[in-house]
Amino acid sequence: MVYDYIFSPISLKIFKNKINELIEKKIFNNINSELLMKQIFSKLNYIGYTPSHKGTLYLAECIFLVYNNISYGENLRQKVYPILAQKHNKNLNNIKCSITSATNIMYCQCPQNLLKDFFNFCYDCKPTTKQVIYTILNNLL
């Protein structure tokens, strides 16, 4: 990735300053990423996702990836699940099934009026993965 550019010839002082700026940006982005993941897990926990379930972790990572590149949400199976499958050394179906399983558990355990309020549903229904992702993203922004 390209973070910045410099023209040559360049003094050592300017070069060091550019490197230090990049290091500071990288540290800042890591702190923001950790904070974002904590907020995502907090929202998932609020609606009843089990924190220890692998599907909850995968869903949180899906939300994080879509947050960083909104076009990923258009097709989770083609854009997000392959990234997670490679990261966790799993296949696409394993990722999808784990998220579905975590959602089924959440749906059975969460009070229905809380789900209706959180997702702005008029009637009782289980949210889809995309509904969970976009509702949490809307709550974070």
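The values are calculated or read from the model by the stated rules, or taken from the named source; none is laboratory data. Because the structure is a prediction, the values reported are computed rather than measured. So basically every Cβ, Gly included, is an ideal-geometry build from the backbone, and we count neighbours across all protein chains shown. Areas reflect the complete protein model, heavy atoms only, side chains present, ligands, DNA and RNA absent. Shrake-Rupley method; radii C 1.70, N 1.55, O 1.52, S 1.80 Å.
General observations
- Extension gain from CYS125 to ILE10, taking 0.36 nm per residue of separation minus the Cα-Cα distance: 35.2 nm
- Each stretch of four or more DSSP H residues adds -39500 (n - 2.57); spread over every residue of the chain, this sum gives -23000 deg cm²/dmol at 222 nm.
- By a 1.4 Å probe calculation restricted to protein chains, LYS43 has an accessible surface near 60 Å², given to the nearest 10.
- Within the accessible area of the chain (1.4 Å probe), percent carbon and sulfur: 56
- Modelled this way, with points 7 Å down the Cα-to-C-beta line, the labels at GLN78 and LEU36 are 2.3 nm from one another.
- Proportion of all alpha-carbon pairs of the chain beyond 18 Å (%): 62
- The lysines whose alpha-carbon is closer than 21 Å to the alpha-carbon of LYS116, local same-chain residues fewer than 8 away aside, are LYS43, LYS126, LYS130.
- Solvent accessible area, Å² - CYS97, 1.4 Å probe, full protein context: 90
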